[in-house]
Amino acid sequence: MKPLSELKLKVLDLLKEDARRSPALLATLLGVTADEVSAAITELEEDNVIVKYATVINSGKLDDEKVTALIEVQITPERGRGFEAIAERVYLFPQVKSVYLMSGAYDLLVEVEGRTLKEVASFVSDKLSTLDSVLSTKTHFILKKYKQDGIIFEDPEEDRRLMISP
């Protein structure tokens, strides 16, 4: 894989901040033509560097009571395929939102979403922990998200202390 050009890196940084920015605006911000930006974006999409344009949703503002859990998974790697085979089996479950190979005390970190705590618990006990390579799981339920993808969800509290003058 060849390294990305400086223009493509700058386009990616700006799109990470706001994916709705038009090629014309990006071109203005970067001091290049809109055609250059459009070509860079097309190449990034074709090379699967840009995979999807997604919206970050503050679920705390919705009435939707979904449950999200982070699950630490210890596994035995498969001979010849290592962690890839079990990671693939895990990420194919529709409840699984993300899977990461980790260093440290566990091997995979799995993010799961369900409608209820019981639904997530059933997924862990009936599907995830029963896979042959899985040695153990440890589930952490997310109680509140303060920040995601660089976006702070809560407005900082106003300092209500009284000013003291000497």
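The values are calculated or read from the model by the stated rules, or taken from the named source; none is laboratory data. As the structure is a prediction and not an experimental result, all values here were calculated from the model. Positions of Cβ are generated from backbone atoms using ideal geometry, with glycine treated the same way; all protein chains shown enter the neighbour counts. Note: accessible area is taken over every heavy atom of the protein model, side chains too, but ligands, DNA and RNA are not part of it. Shrake-Rupley method; radii C 1.70, N 1.55, O 1.52, S 1.80 Å.
What to note about this one:
- Residue within the range 15-35 that is loosely packed, with under 15 Cβ neighbours inside 10 Å, assigned by the TED database to the domain that holds residue 137 and modelled with pLDDT of 90 or more present: no
- Of the residues making up the range 92-120, those that are under 15 Å from residue 66 (Cβ atoms) and open to solvent by less than 50 Å² (accessible area, probe 1.4 Å) are 95, 96, 98, 111, 112, 114, 120.
- Lone unmet requirement of (1) closer than 30 Å to residue 8 by Cβ; (2) part of a loop (DSSP other than H, G, I, E, B); (3) of a type in the set (Asp, Glu) for residue 35: (2)
- Test result for residue 155, assigned by the TED database to the domain that holds residue 78 and at pLDDT below 95: no
Yes/no matrix, rows are residues, columns are (1) without any contact (Cβ under 8 Å) to a residue 24 or more places away in the chain; (2) assigned to a strand (DSSP E or B):
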| site | (1), (2) |
| --- | --- |
| 54 | no, no |
| 73 | no, yes |
| 80 | yes, no |
| 99 | yes, yes |
| 112 | no, yes |
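- Criterion applied to 32, 49 was being over 21 Å from residue 91 (Cβ atoms) and either out of contact with any Phe, Trp or Tyr (no Cβ under 7 Å at 6 or more places or on another chain) or free of Cβ contacts under 8 Å to residues at least 12 places away in the same chain (or both), and the one residue passing it is 32.
- Remark: residue 162 matches the filter, which requires a residue to be of a type outside the set (Phe, Trp, Tyr), assigned to a loop (DSSP other than H, G, I, E, B), open to solvent by 70 Å² or more (accessible area, probe 1.4 Å) and farther than 27 Å from residue 13 by Cα.
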